[in-house]
1. Just order 210-216, 252-258, 242-248 by mean Cβ neighbour count inside 10 Å, highest at the front, would you?
2. Can you check what the net charge comes to around LEU200, using other residues whose Cβ is under 11 Å from the Cβ of LEU200 (Lys, Arg +1; Asp, Glu -1)?
3. For segment 249-291, what relative contact order do you get, as a whole percent, if you take Cα pairs closer than 8 Å and at least 6 residues apart?
4. Using +1 at the C-beta of Lys and Arg and -1 at the C-beta of Asp and Glu, which of VAL147, ASN101, VAL134 has the Cα lying farthest in the positive direction of the dipole of segment 96-170?
5. Shape verdict for segment 68-163, please, from the Cα gyration tensor: rounded (a/c under 1.5), prolate (a/b greater than b/c) or oblate.
6. Describe numerically, in nm with one decimal, the distance between label points set 7 Å from Cα along Cα→Cβ at ARG257 and at GLU157.
7. Can you give the charge dipole size of the chain about its Cα centre, rounded to the nearest 20 debye, using +1 on the beta carbon of Lys and Arg and -1 on the beta carbon of Asp and Glu?
8. Between ASP83 and SER138, how high is the FRET efficiency from 1/(1 + (r/R0)^6) when r is the Cβ-Cβ distance and R₀ = 25 Å? Nearest 0.05.
Amino acid sequence: MTKKFSIIILCLALCMGVLLSSCRLNSSNLYETHEFLMGTVIIQKIYHKDADKIAKEVNDRIAGIESAMTINKSGGEINLLNDAAGKEYVKLGEDTLYVLNKAKQYGEISNGAFDVTIGPLVKSWGVFTDNPKVPSKSEIDELLKLVNYKDINIDFENSTAMLSKKGQIVDLGGIAKGFAGDAAIEIYKKYGVESALISLGGNILTLGGKPDGTPWSVGIRNPRGADGSYIGIVSVKDKAVVSSGDYERFFEKDGVRYHHILDPKTGYPANTGLIGTTIVSDYSIDADALSTTVFVLGLEEGMKLVESLEGVEAVFITEDKKIYVTDGLKDTFTFKDESKEFEYVEKR
Ligand code: AMP
Ligand code: MG
């Protein structure tokens, strides 16, 4: 073998080695876990050599947030706050105070369309229970008196909070998963992860792009299709993509669909002509609160609110199967409707 020939062989071997090791790196560095927390399946896809350890830390963090903020299991800080309603201030941890304060801010921004003191009505409808019911009009009117985000009193100095009236119940179901998603991204960043995706039910968060640098494709669910069917995709990096809809939790009675997003003005499931909303923003706490908010506000008011907020984009799906997106999303949204039932309205 000539010297020149051996050098070529050596170079080829080195190139192959680099290629093979980068393949190995890519495939072995993707770690995916599924865990049931916060009433949903949490899926993490992490590209990092310590991904298993990181994923576990994230699941533990989410479990802690769930314990503090749920009203579906006993104990927990929000339950303490609710039990002391109209009586006394209770000590709350930093996370709970932060989420409570954000929730109150979204109450203000939306003029009460988003209101986490909706708890008494959520309980009465029981959409999440085995025995959901349509409450009587008089019961709804009575419970509506307890719904007012302005009754959430927060004392930051002493890290305490109190609800003004006895019987008031805070339900963070419309925002807590958003907070948990942001907490997960914080942990990924702490470990130097550059590429990851986490899904918490209808909440998707992306860190960076895919390992090859291209954006993640996040599907927007077809609200009338089966699980896994989409009406389009958004291509994103470093964004939260959070959806709300009347398909997530509902029961039917006498041919009417009663879903889990309530209008705090009426006490009934929001009925503004929307069946699905999606918010794209930097933080999922904002996206989560806002997807619920605009669902209650409806297309016109919801669009106005989103357009007034910096760095927030949205997709609206109406019950007459039309799809509208904010101007800032036109380049990242791709309409792709396999059902062929929806119409993309590009110009409003
Ligand atoms: P999401 O799935 O994020 O849209 O949130 C819906 C959940 O938020 C419901 O299951 C309730 O727990 C709670 N919720 C319902 N209606 C409202 C509302 N108008 N404002 C705030 N939270 C709500
Ligand atoms: Mg929400």
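1. In decreasing order of mean packing, 210-216, 252-258, 242-248 become 242-248, 210-216, 252-258.
2. It works out to a net charge of -3.
3. 20 percent
4. Comparing the listed Cα positions along the dipole, VAL134 ranks first.
5. Prolate, since a/c reaches 1.5 and a/b exceeds b/c.
6. The two pseudo-label positions are separated by 5.0 nm.
7. It comes to approximately 900 debye.
8. 0.45
Every number here is computed from the coordinates shown, using simple stated rules; none is lab data. Computed from a prediction, not measured in an experiment: that's the story for all the values here. Quick reminder, even Gly has a Cβ in these numbers, built from the backbone with ideal geometry, and neighbours come from all protein chains shown.
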